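*Asks:* Below you'll find the structure I mean.
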Amino acid sequence: MIKKAKIRYGTINLPYHVIKSKRIKTSEIIVEANNVTIRTPLNKDLSEIRRIVSDKASWILKKQKEYRETIPQIIKKIRLYPILVELFLKNTEKANN
């Protein structure tokens, strides 16, 4: 069962998805750059889930900010990787000759 919800944290609306499962024993928060998912046991009350998200809102927003700052750097490195490999190979070739 997936349910959409959101809380207000200061001036920010923080949307999240709730996934309830009978296989999970404890709640977990999955943070991505633009998405938050809370996985909880079936018996966890929605008000309790809301409290968990509210208590962790600062941490969630911090992690999302880190993702947004880190992902462009990773992409830049991935784009540069073939160029760096080519330069390394050329320099290695020159050193061996």
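*Asks:* Since Asp55 meets every condition but one in (1) closer than 14 Å to Lys3 by Cβ; (2) at pLDDT 95 or above; (3) of a type outside the set (Lys, Arg), which condition does it not meet?
*Replies:* In the conditions (1) closer than 14 Å to Lys3 by Cβ; (2) at pLDDT 95 or above; (3) of a type outside the set (Lys, Arg), Asp55 misses (1) alone.
*Asks:* Against the definition (at pLDDT 85 or above and not in a strand (DSSP E or B)), how does Lys25 come out, yes or no?
*Replies:* yes
*Asks:* Can you name every residue in region 16-26 that is of a type outside the set (Ser, Thr, Tyr) and surrounded by 12 or more Cβ atoms within 10 Å (Cβ to Cβ)? It would help to see each step written out before you state the result.
*Replies:* Start the filter on region 16-26 by keeping residues that are of a type outside the set (Ser, Thr, Tyr), which leaves 17-20, 22-25.
Answer for region 16-26, where residues must be of a type outside the set (Ser, Thr, Tyr) and surrounded by 12 or more Cβ atoms within 10 Å (Cβ to Cβ): His17, Val18, Ile19, Lys20, Ile24.
*Asks:* Sticking with this structure for a sec: Tell me which residues, restricted to region 46-67, are surrounded by 12 or more Cβ atoms within 10 Å (Cβ to Cβ) and touching a residue at least 40 places away in the same chain (Cβ under 8 Å).
*Replies:* Leu46, Ile49, Arg50, Val53, Ser54, Ala57, Ile60, Leu61
*Asks:* Now, a different point. If Thr70 passes every condition in (1) touching a Lys or Arg at 6+ places or on another chain (Cβ under 9 Å); (2) surrounded by 11 or more Cβ atoms within 10 Å (Cβ to Cβ); (3) modelled with pLDDT under 90 but one, which one does it miss?
*Replies:* Only one criterion is unmet by Thr70, namely (1).
*Asks:* For region 1-58, which positions are of a type in the set (Lys, Arg), within 18 Å of the chain's Cα centre (by Cα) and farther than 23 Å from Glu69 by Cβ? Step through it out loud before you land on a result.
*Replies:* Initially, region 1-58 is screened for residues of a type in the set (Lys, Arg), giving 3-4, 6, 8, 20, 22-23, 25, 39, 44, 50-51, 56.
The next check asks that each one be within 18 Å of the chain's Cα centre (by Cα); those that pass are 4, 6, 39, 56.
Residues satisfying the conditions are Lys4, Lys6, Arg39.
The values are calculated or read from the model by the stated rules, or taken from the named source; none is laboratory data. Since we're looking at a predicted model, the values are computed, not measured. Here Cβ is always computed from backbone atoms with ideal geometry, including for glycine, and neighbour counts include all displayed protein chains.
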